[in-house]
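Laboratory data are not the source of any read-out in this text; all were calculated from the coordinates shown. Please read all numbers here as calculations on a predicted model, not as lab measurements. A quick note on method: Cβ atoms are made from the backbone with ideal geometry, for glycine too, and the neighbour counts reach across all protein chains shown.
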Amino acid sequence: MKVAVVGGTGSFGSAVAKQLADAGFDVVIGSRDAERAREAAEPLGAEGATNEDAVRGVDLVLLAVKAEAAVDTARELAAAIGSTPVLSVAAELSFGPGGVKPTAEATSVAQRVQDVVQAPVVAGLHSLAAASLAGEPPDEDALVCGDDPDAKALALDLAARLVSGRAVDAGPLASARALEGMTAVIVNVNKRYKAHAGLRVTGLK
Ligand SMILES: NC(=O)c1ccc[n+]([C@@H]2O[C@H](COP(=O)([O-])OP(=O)(O)OC[C@H]3O[C@@H](n4cnc5c(N)ncnc54)[C@H](OP(=O)(O)O)[C@@H]3O)[C@@H](O)[C@H]2O)c1
């Protein structure tokens, strides 16, 4: 599978890209700046390109730009992405004195990304921290949701390479609101317990 990591110069995109490259995926790192992309890609043995060039001719687009830029970036890349499935990992968070909260947006980032691209959008990996992806696969599950079965199968295949737990199908794209919101819960737990918390879904066969 060939995966474009848009925003793959960032902490999360580069951590996922390294794991995927190590697992034998073809990876192309995307950036707004081609040179920055090549610098990030070189140690991984991956390709680097502008975001627009990166998403052409791949099997899956991992949208890993800063959360606040995800929808605008998807809109700008919509023509280049075409019908290639998009995996949105973004969770918009609001930081305040009482703790971390999801933003007040009525719909998830992933659903808003779906509004601006023709391609099927799936959402997932929100509960995996970039820091946890630095070494051995973390002992946690990776949840993915989406409406398109083929796109979701691709994303679940990718997710399974990142964790030692399961890649879990969390239902339709509407579940992204809950998955993105869960990121705030995990950040608060990490702060409270000085931990690197992840998620495990129990009761699955
Ligand atoms: N960090 C985590 O542990 C974690 C865990 C799960 C999910 N996520 C999600 O993963 C995504 C990336 O997180 P991150 O921590 O890696 O973010 P980040 O380092 O802040 O940003 C990632 C990349 O986004 C690009 N970017 C920044 N501003 C942009 C803009 N205005 N327009 C277009 N691109 C822009 C930059 O790439 P260029 O400058 O090279 O273009 C940057 O390297 C977020 O959506 C986040 O919610 C993060």
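The figures follow:
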read-out	value
Residue within the stretch 144-152 that is more than 16 Å from the ligand (Cβ to nearest atom), surrounded by fewer than 21 Cβ atoms within 10 Å (Cβ to Cβ) and part of a helix (DSSP H, G or I) present	yes
Of all residues in the stretch 1-52 being under 19 Å from residue 154 (Cα atoms) and charged (D, E, K, R), the one that is nearest to the ligand (Cβ to nearest atom)	18
Those residues of the stretch 106-139 which are more than 12 Å from the ligand (Cβ to nearest atom) and assigned to a loop (DSSP other than H, G, I, E, B), in sequence order	106, 107, 117, 118, 119, 120, 135, 136, 137, 139
Criterion (surrounded by fewer than 22 Cβ atoms within 10 Å (Cβ to Cβ), of a type in the set (Ser, Thr, Tyr) and closer than 16 Å to residue 64 by Cβ) met by exactly one of 88, 132, 164	132
Residue match in the stretch 97-106 (condition: among the small types (Gly, Ala, Ser), free of Cβ contacts under 8 Å to residues at least 12 places away in the same chain and farther than 27 Å from residue 177 by Cβ)	no
Hits in the stretch 53-98 (condition: assigned to a loop (DSSP other than H, G, I, E, B) and within 10 Å of the ligand (Cβ to nearest atom))	64, 65, 66, 89, 90, 91, 92
Residue count, the stretch 113-133 (criterion: free of Cβ contacts under 8 Å to residues at least 60 places away in the same chain and either within 14 Å of residue 61 (Cβ to Cβ) or among the aromatic types (Phe, Trp, Tyr) (or both))	11
